[in-house]
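To keep things clear, I will list the structure first and then write my remarks on it.
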Amino acid sequence: MHLAYPAVLAALLFATGLYGVLARRNAILVLMSVELMLNAVNLNLVAFDVWLRDTLHAGQALTLFTIAIAAAEIGIGLAIVLMVYRNRGTSDVDKLRDTAEGHEPGQPEATTARPEVAA
């Protein structure tokens with residue numbers, strides 16, 4: 001097996017995932033792009049494991065760990081996105097950058113004035 005074919009495919013998958021993370025505004029699509037990047041890493045791990053003819057199959061074992069981590073990440077990430085959507089009404093990443101409670105992006109911040117002490 002030539003190593004170039006899966007390596008090029010993994011590079012394309014990773015580049016597509018990176019573009020999705022950097023360019024998308026929807027949090028669900030960002031999570032899907034992260035999954036694409038993890039799958040590109042998995043493809044590289046398995047391809048190098050086969051190419052090196054490792055007797056312990058370390059690449060395939062690491063791939064199983066990566067799949068487990070990706071499943072946990074998507075479960076927790078999706079739960080967080082659903083709770084944010086329920087509380088804020090949007091899953092737009094640009095609108096979620098300001099996490100201060102009660103502060104809208106177009107309004108100035110409220111300042112708390114200290115009461116002056118009469119001497």
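The values are calculated or read from the model by the stated rules, or taken from the named source; none is laboratory data. Please read all numbers here as calculations on a predicted model, not as lab measurements. Glycine also receives a Cβ, built like all others from the backbone with ideal geometry; neighbour counts cover every protein chain displayed. The protein model used for the area step is the full one, side chains on, heavy atoms only, and it has no ligands, DNA or RNA in it. Shrake-Rupley method; radii C 1.70, N 1.55, O 1.52, S 1.80 Å.
For Val46, the criteria (1) open to solvent by 60 Å² or more (accessible area, probe 1.4 Å); (2) farther than 21 Å from Tyr19 by Cα; (3) modelled with pLDDT of 90 or more hold in every case but one, which is (1).
Residues Tyr5, Tyr19: which one is at pLDDT 95 or above, more than 18 Å from the chain's Cα centre (by Cα), open to solvent by 70 Å² or more (accessible area, probe 1.4 Å) and not hydrophobic (A, V, I, L, M, F, W, C)? Walk me through it before giving the result.
Values: Tyr19 fails: more than 18 Å from the chain's Cα centre (by Cα).
None of the other options fit; the residue is Tyr5.
Pairs are defined by a Cβ separation below 9 Å, a sequence spacing of at least 6 or placement on different chains, a first member in the range 1-25 that is without any contact (Cβ under 8 Å) to a residue 60 or more places away in the chain, and a second member that is among the hydroxyl-bearing types (Ser, Thr, Tyr) and surrounded by 13 or more Cβ atoms within 10 Å (Cβ to Cβ); the pairs so defined are Thr16/Ser33; Gly17/Ser33; Leu18/Ser33; Tyr19/Ser33; Gly20/Ser33; Val21/Ser33; Leu22/Ser33; Ala23/Ser33.
Could you grab the pairs with beta carbons closer than 9 Å, sequence gap of 6+ or different chains, first residue in the range 59-70 and without any contact (Cβ under 8 Å) to a residue 24 or more places away in the chain, second one outside any helix (DSSP H, G or I)? From residues that are without any contact (Cβ under 8 Å) to a residue 24 or more places away in the chain, the pairs are Gln60/Asp54.
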